[in-house]
Each structure stands twice: as C-alpha cells, then as structure tokens.
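Chemist: To start, I am sharing the structure in question, which I have written as structure tokens.
Values quoted throughout were computed directly from the atomic coordinates according to the rules given, and no laboratory measurement underlies them. A quick note: this is a predicted structure, and the numbers were derived from the prediction, not measured. No Cβ is skipped: glycine too gets one built from the backbone with ideal geometry, and neighbour counts run over all protein chains shown.
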Amino acid sequence: MFRRICAPLMLLMLLPSAGAQSMFSQGKWYQLRVSTTGVYRITAADLRSMGINLAGLDPRTIRIHGHQGGMLDELPAAAVSNDPPELPILINGESDGVLDESDQIFFFATGPHIWRYKPAAGRYEHVQHLYEEVSHVFLTFGGKPGLRISTLDAGDAILPDSVSASAAAMLFHESDQYNLSISGKEWLGERFGGQTDAYTFTHTLDEVRSGSSLLMKLR
C-alpha cells in the first residue's frame, strides 16, 4: 500500500550545516518525517507544497538520504555515520529531464519502531523506539544524478533462491504511558486495577492461511 507523503509527514527546509564536510553544507535539504515502515510516494504537487519551484528542476538529480529506522546502537564503539546514506528511489517519467505533473517519486523508508529477527529464538522481536515517534529522511536536488532502484531489461529474469506462497505477519500493541520511577527505559502501557480491570484490543490480519500457527507474547 502506498501512502501519500503530504498527509502523514511534516516537511521543513533545513539550513546548511556549519560543518564543511557534511553533505548538508551544500544545497537545500528538506526533512521528511516517516511514522511507519513502508513505500512512500511524492508527487509534483507534494514538492510544490514544500515550497520547491519545479521550473527547471531536473528530476534525475533528486536524491533522498536516510538511516534505517530503530534506535542507534548504545555501544560507544559502534560505527555511526554522521551523514545518512543515500536511499535508492524510483521516479516515473524522469528520463526527459523535466518534472511533469504526472511524475512520481517512490522510496522505501523505515519507521522508528522495527522488527528484528532473533536467530536463536527463530522468531521476530518488536523493538520500540524509546525516544522518538518518527524517523526522518532528507530530500535534495541539483548536481549529481541520484541513486535509483535498479531495473531489469525486457526479457531478463532473476532466478529465486526459494519460492513461498506465504509469509509471516507481525502485529504489536505497545503503548508507553507510565514510567514508575520517572526515569530510565522501562515504560508500561495500560494500567489495570482500580476502575479498569479489562481492555479490549482489536487487530486485523487479512488472508490468513487456514491452519496457520499463532505465537502471542505478553510482557
């Protein structure tokens, strides 16, 4: 499912960084807030709503940078890049060098809360971001051509390593509402007791295969 980027994302232009070695020190950069993991779409109207003048804008130079979602590694020795890496994107209609009204930009972005596979347990684990409710990507244009999603020529094919008719689906409910010590990383959700002894949570999974197993984890 594609999401219109103009509705759920707040856009604001960044001033060039004072650091001469940072990529933000040159050109204009636009910060886009990403709330959930998925494929996003940007239209010409979306760019115009950011205050971008489309006249003379070569879409082949549009670039989007961003880190993968989730929290930074807490280990001091962990490698961290100051400048976010460039993300491969797809722009329909960019080959003529003109950004038309029908041109569209597609890219994949990761939200702040992620699923991480645990090989020892043989299952995925949900990791809630403790400090942020959104991730960010950065858009710019002008200069060198941007990184694009690679495509296959007509008639070419990629042989799969394996073929599956199903995939694992994950859902979570985690509402960080209370911190008992008003400090630290341990947050709790809905409060039981007093006037509230029960809550009802409704989740929907479409096209569930008959006979599938279900794993539920509570904490």
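Chemist: Which value, in Å³ per residue, describes the convex hull spanned by the Cα atoms of the chain?
Modeler: Numbers: hull volume 49.7 nm³, N = 219.
Convex hull of Cα atoms, per residue: 227 Å³.
Chemist: Now, a different point. Full extension from residue 207 to residue 133: what is 0.36 nm times the residue separation minus their Cα-Cα distance, to one decimal in nm?
Modeler: Numbers: separation 74, 0.36 × 74 = 26.64 nm, distance 2.91 nm.
Fully extending the segment from residue 207 to residue 133 adds 23.7 nm.
Chemist: Taking the Cβ of each residue in 71, 23, 170 as the centre, tally the other Cβ atoms inside 10 Å and list the residues starting with the fewest. Could you put the intermediate results ahead of the total?
Modeler: Numbers: 71 14, 23 18, 170 11.
The most exposed by this proxy come first: 170, 71, 23.
Chemist: At 222 nm, what helix-only mean residue ellipticity would the chain give, in deg cm²/dmol to the nearest 500, using -39500 (n - 2.57) for each DSSP H run of four or more?
Modeler: Working: 1 runs with 6 residues, N = 219.
The helix-only estimate for the chain comes to -500 deg cm²/dmol at 222 nm.
Chemist: Which longest uninterrupted range of the chain lacks any GluC sites (Glu not before Pro) assigned by DSSP to a loop state (not H, G, I, E or B) and surrounded by at most 15 other Cβ atoms within 10 Å? Write down the numbers at each step before the final one.
Modeler: Details: sites that count: 74, 101, 132, 133, 174, 186, 190, 207.
After excluding every exposed loop site, the longest remaining stretch is 1-73.
Chemist: Moving on. What are the residues whose amide H is under 5 Å from the amide H of residue 29, where those residues sit 5 or more places off or on another chain and H is modelled from the backbone?
Modeler: Answer set, sorted by chain and number: 14.
Chemist: Oh, and also: Rank 30, 199, 124 by mean-square fluctuation in a GNM of the chain with C-alpha springs under 10 angstrom and give only the top-ranked residue.
Modeler: 199
Chemist: Another question, if that's okay. Could you compute how fast the stretch 156-206 diffuses translationally, taking Rh as the Kirkwood radius over C-alpha pairs and applying Stokes-Einstein at 25 °C with viscosity 0.890 mPa s? Give it in µm² per second. Walk me through the numbers on the way to the answer.
Modeler: Working: Rh = 15.8 Å.
Answer, rounded: 156 µm²/s.
Chemist: Please list the radius of gyration and Dmax for the stretch 42-167, considering alpha-carbon atoms only, with Å as the unit.
Modeler: Spelled out, the Cα radius of gyration and Dmax of the stretch 42-167 are 18.5, 54 Å.
Chemist: Considering the chain as a Gaussian network with a 10 Å cut-off on Cα pairs, which listed residue, 129, 203, 67, attains the greatest mean-square fluctuation?
Modeler: 203
Chemist: Read phi for every residue in the stretch 126-138 and hand back ³J(HN,Hα) as whole Hz from Karplus 6.51 cos²θ - 1.76 cosθ + 1.60, θ = phi - 60°, with x for Gly and Pro.
Modeler: Values per residue, Gly and Pro as x: 7, 10, 7, 6, 8, 10, 8, 9, 9, 9, 9, 10, 10 Hz.
Chemist: Using a Gaussian network model of the chain whose springs link C-alpha atoms within less than 10 Å, name the residue from 57, 159, 99 with the highest mean-square fluctuation.
Modeler: Largest GNM mean-square fluctuation: 159.
Chemist: Here is a follow-up. State, to one decimal in nm², a quarter of the convex hull surface area for the C-alpha atoms of the stretch 96-219, i.e. the direction-averaged projected area.
Modeler: Working: hull surface 62.7 nm².
Its Cα hull, projected and averaged over all orientations, spans 15.7 nm².
Chemist: Where does each of 54, 139, 72 land when they are ranked from fewest to most other beta-carbon atoms within 10 angstrom?
Modeler: Details: 54 15, 139 26, 72 9.
If I rank by nearby Cβ atoms, fewest first, I get 72, 54, 139.
Chemist: Another question about this same structure. Can you list residues from other chains, or at least 5 along the same chain, whose modelled amide H is less than 5 Å from the amide H of residue 123?
Modeler: Answer set, sorted by chain and number: 118.
Chemist: Excluding residues on the same chain fewer than 8 positions from residue 118, give the lysines whose Cα lies under 22 Å from its Cα.
Modeler: List returned: 185, 217.
Chemist: Taking the Cα centre of the stretch 69-219 as origin and charging only Cβ (+1 Lys, Arg; -1 Asp, Glu), how large is the dipole, in debye to the nearest 20? Each step should come with its number before you reach the end.
Modeler: Values: 10 positive and 22 negative charges, 168 e Å.
Once rounded to the nearest 20, the dipole reads 800 debye.
Chemist: Collect residues whose amide H, placed 1.01 Å from N in the peptide plane, falls under 5 Å from the amide H of residue 37; neighbours closer than 5 in sequence don't count.
Modeler: Under 5 Å from the amide H of residue 37 lie the amide H atoms of 111, each far enough along the sequence or on another chain.
Chemist: Excluding residues on the same chain fewer than 8 positions from residue 28, give the lysines whose Cα lies under 23 Å from its Cα.
Modeler: Those lysines meeting the cut-off are 144.
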